[in-house]
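One structure below.
Just so it is clear, none of the values below were taken in a lab; they were calculated from the coordinates. These numbers were taken from a predicted model, which means no experiment stands behind them. Here the Cβ positions follow ideal geometry from the backbone for every residue, glycine too, while neighbour counts run over all protein chains shown.
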Amino acid sequence: MASVSLKQIVKHYDKNAVLHGIDLDIADGELMVFVGPSGCGKSTLLRTIAGLENISSGDLHIGGVRANDTAPAQRKLAMVFQSYALYPHMSVYENMAFALKLAGQKAAVIEQAVERAAATLQITQLLQRKPSELSGGQRQRVAIGRAIVRTPELFLFDEPLSNLDASLRVQMRVEISRLHRELKTTMIYVTHDQVEAMTLGQRIAVFNGGRIEQVGTPHQLYNHPANLFVAGLLGTPKMNFISAEVVASRAEQLDLLLPGGAIVTVACRSGGSASCGDHVTLGVRAEHLRLAPAAGHNTVEVRIGHIEYLGDQSIVYASLDGSSELIAIRAPADGAALQNQRSSHLQLPVLQCHIFDRSGLALAATARHA
């Protein structure tokens, strides 16, 4: 296994900066996920770790050894790409054995390595087939197996499930998690899919514009986002955001004036502070909202709009007077019965709201990296 340490990694093409001073430490045996929208720099950083891109400035250490100038083949890592990149004229066995043959390994050693990897990935019965005879999920297993046989100290995955359908992605997420538990090898996994990030990562680094917004466990990032970007990226439906004005500030509590004139009380924990007149953003997740039959404590009147029936639940979309933003509310499956209602009352939880200042930082956040 190998730890990975990134110190002030900068990457630019001519005058265009892509990575802006990345600092990150990944422990031996950890499964770290890089997540963010397209063009945020996560794949570029992965390629610099692999040695496929030069580092403009900064230091990369793999296993405690500076690797900036180390050739890719000498970095003791293996990379799995979005494209399976299998040789179509070779069998599964030959594809998996190819790198070992190039390295001059003996036939017996190659056979043992391939059979062990095939057993781990449950593809032993496929070894004599050609890639054209395999499903997408099977081809991805072969691509992973080709990496495993090299017994690398570090695995790099660059959006490996993007070409699979939804059910296969779920299955392969389970397989990759199992593989990590069995191999206990350091893994870095790049994805733009927040579900993959939440379900796979022991820790997640959220990228935006070539910078890391926040690093933490899935629980930390979901429940304690450092800013609006992280809060809006993780979660389905995404966190609801409502513009508000502070009208009263007390110890760990704020009174907020919402569009339409309603005033609600929310907690502001962990040292967050705001003053009367400050404009803030109130964030609350769909599962923490409740539709109430009548007005009550911390309720606001909303107009019922579209309702999505999902079988086990419904997602109700509503809006406040004075705001065009839709609010998503997770409701019981029979929420479709609300379709004939034009309005309802929305109850906001005092203790499960997030407050973000004018710059987008969480008032309760003390640092960008959790």
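What to note about this one:
- Taken along its principal axes, the alpha carbon cloud of the stretch 4-232 reaches lengths of 51, 39, 30 Å, longest axis first.
- Distance between modelled label sites at ALA85 and GLU287, nm, 7 Å Cα→Cβ extension: 3.7 nm
- Convex hull of Cα atoms in the stretch 135-188, direction-averaged projection (nm²): 3.5 nm²
- Partner lysines whose Cα lies under 30 Å from the Cα of LYS101, excluding those fewer than 8 positions away in the same chain, are identified as LYS76, LYS130, LYS184.
- Square roots of five times the Cα gyration tensor eigenvalues for the stretch 240-356, Å: 27, 14, 11
- Put simply, the convex hull of the Cα atoms in the stretch 93-179 casts, on average, a shadow of 5.8 nm².
- Distance between modelled label sites at THR124 and HIS219, nm, 7 Å Cα→Cβ extension: 3.8 nm
- Order of THR48, THR185, THR265 under a 10 Å beta carbon neighbour criterion, fewest first: THR265, THR185, THR48
- Rounded to 5, percent antiparallel among DSSP beta bridges of the stretch 142-251: 50 percent
- Cα gyration tensor shape of the stretch 1-126, rounded if a/c is under 1.5, else prolate or oblate by comparing a/b with b/c: prolate
- Listed by chain and number, the aspartates and glutamates placed with their C-alpha closer than 14 angstrom to that of LYS238 are ASP193, GLU287, GLU325; residues fewer than eight positions away on the same chain are left out.
- For LYS106, a cut-off of 20 angstrom between C-alpha atoms picks up these aspartates and glutamates, skipping any fewer than 8 places away in its own chain: GLU94, GLU115.
- With a Förster radius of 51 Å applied to the beta-carbon distance between ALA108 and CYS276, the computed FRET efficiency rounds to 0.10.
- Angstrom value of the Kirkwood radius, inverse mean 1/r, which spans all Cα pairs in the stretch 3-57: 11.8 Å
- Modelled label positions at SER162 and VAL174, each set 7 Å beyond Cα in the direction of Cβ, lie 2.6 nm from each other.
- In a fully extended conformation the segment linking ASN54 and ARG116 would gain 18.9 nm over its present Cα-Cα distance, using 0.36 nm per residue.
- Here r is the Cβ-Cβ distance between ALA71 and SER324 and R0 is 56 Å; the resulting FRET efficiency, rounded to 0.05, is 0.55.
- Using the Cβ-Cβ distance between HIS306 and PHE98 with R0 set to 56 Å, the FRET efficiency works out to roughly 0.60.
- Mean ellipticity per residue at 222 nm, deg cm²/dmol - from DSSP H runs of n ≥ 4 across the chain, formula -39500 (n - 2.57): -7000 deg cm²/dmol
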